[in-house]
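Notes to accompany the following structure.
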Amino acid sequence: MNPTGHAPTVAWADDAIEIVDQTKLPDALEILRLASVDAAVDAIRRLAVRGAPAIGGCGALAMVIGLDEARPSSTEQARAALDALVARIGAARPTAVNLSWAVRRVRDAAAREATPHAVRERALLEAQRIIDEDREACRLIGEYGRTELRGATTILTHCNAGRLATLGWGTALGVVYAKAAAGEPVRVFACEARPLLQGARLTTWELMEAGIDVTLVVDSAAASLLHSGTVDAVVVGADRIAANGDTANKVGTFSLALAARHAGVPFYVAAPASTFDPATPAGDAIVIEQRAADEVRGWQGRRTAPAGVAAWNPAFDVTPHEMITGFITEVGVIHPPFTALARP
Ligand code: MRU
């Protein structure tokens, strides 16, 4: 159980991965079993499991399944299999650095072992450590965020950076849960996050489950909501934070930052160390995942725009570091200047 008392979003069970199938929410809470690397990669690609830390955890466990599928008979074969798996699983989604970070971490730890059996055991141990560390990171992010945002009761968030997106109780929503757990008043406005509606489908669902006051707004209402003076702070998650602090997150985050700046509302990014990417100097070097035009042209197989209309569908955007009030991390809150951010 995670700190919110719910079944974990990603778990290891009987040599396979079990995930909450996020394509089915909010209508049904279904557990999907992923028993092959192909199934895990497919689940990551179609967002059955999503959110940067959650896909990192799923990818890490998929490395173990990949070793089981490869059945290496020597340590050299096991290491070659690990390298191939890093490339295959790590490419499932390009923007969230947590995925490539997690599979490389499993590979680097397991490749040091001396027998195929030990490689497999170490891969599983490392994947489980990644999951445990993220759970604890979420808890600490919540606590540091609660301290930083004392006095802020109304939070605007985007997409889903909650327990469904992580291996604990969330990053942006971790701050909300920490406030609620401490008995402090807290209320959330959740943007829909078109086109896949992670805010409308997931954030509202998990906050309602937790008994937290949540109000859904369409993405295009956020600027006027911020301008109205109702919101005390914007808190979002992140998929990759470049060395200079430029931050990739769900498309629409940059618009929120601009509107928050205009309204004088603080804009925070809550993220664990695994989301910081010191190897990427600035936001223009972050690969932004482009997704199918059909996600914009319709919803669940029903067309809502003229057939064949061109659609631009970046899954993420990059908020320039100068728009960010601070990063809420598991080691504390980082304030500007964000010069050469290392993994905190
Ligand atoms: O496309 P998604 O749903 O995986 O995008 C998720 C986000 O943008 C989250 O804000 C981010 O991964 C942080 S999750 C703690």
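Values in this text are rule-based calculations from the coordinates and carry no lab data. Source: prediction; values computed, not measured. So basically every Cβ, Gly included, is an ideal-geometry build from the backbone, and we count neighbours across all protein chains shown.
Select from the chain the helices, each a whole stretch of DSSP H, whose alpha-carbon atoms run 18 Å or more along the helix axis and whose Kyte-Doolittle mean is at least 0.0; answer none if there are none.
Going by DSSP H runs, the hits are 52-70, 75-90.
Counting other Cβ atoms within 10 Å of each Cβ, which trypsin sites (Lys or Arg not before Pro) in region 139-210 have at most 16 and sit in a DSSP loop?
Arg150
Place a point 7 Å from Cα of Ala285 in the direction of its Cβ. Which residues in region 324-342 have their backbone N less than 16 Å from it?
Flagged as within label range: 339-342.
Among Thr325, Thr147, Thr253, determine the one that fluctuates most according to a GNM of the chain built with springs between C-alpha atoms less than 10 Å apart.
Checking each option, the largest mean-square fluctuation is seen for Thr147.
So if I take the centroid of the Cα atoms in region 231-262 and the same for region 171-207, what is the distance between those two points in Å?
When both Cα centres are located, 16 Å separates them.
Would you work out which of Ala152, Thr171, Ser74 lies farthest towards the positive end of the dipole of region 36-178? Charges go on Cβ: Lys and Arg +1, Asp and Glu -1.
It is Ala152.
Using alpha carbon coordinates only, what is the Rg to Rh ratio of region 266-344, with Rh defined as the Kirkwood radius?
1.14
Pull up all non-local amide H partners of Thr23: gap of 5 or more, or a different chain, and H-to-H distance under 5 Å with H placed in the peptide plane.
Those qualifying (amide H under 5 Å, at least 5 residues apart or on another chain) number zero.
Averaging over every viewing direction, what projected area does the convex hull of the Cα atoms of region 176-301 cover, in nm²?
Mean orientational projected area (region 176-301, Cα hull): 9.1 nm².
At 222 nm, what helix-only mean residue ellipticity would the chain give, in deg cm²/dmol to the nearest 500, using -39500 (n - 2.57) for each DSSP H run of four or more?
-11500 deg cm²/dmol
If Rh is defined by the Kirkwood formula over all Cα pairs and Rg also comes from Cα, what ratio Rg/Rh do you get for the chain?
Using Cα coordinates only, the ratio equals 0.97.
Name the long-range amide H neighbours of Arg291: under 5 Å, sequence gap of 5 or more, or other chain; modelled H, no Pro or chain starts.
For Arg291, whose amide H was placed from the backbone, the distant partners under 5 Å are Asn313, Ala315.
So for the chain, averaging the separation of alpha carbon pairs under 8 Å that are six or more residues apart and normalising by length, what relative contact order in percent results?
Computed value for the chain: 16 percent relative contact order.
Let me spell out the model: positive unit charges on the Cβ of Lys and Arg, negative unit charges on the Cβ of Asp and Glu, origin at the Cα centre of the chain. What dipole size does that give, in debye rounded to 20?
In debye, rounded to 20, the chain gives about 360.
Using a Förster distance of 51 angstrom, determine the FRET efficiency expected from the C-beta separation of Ala111 and Arg150, and round it to 0.05.
0.65
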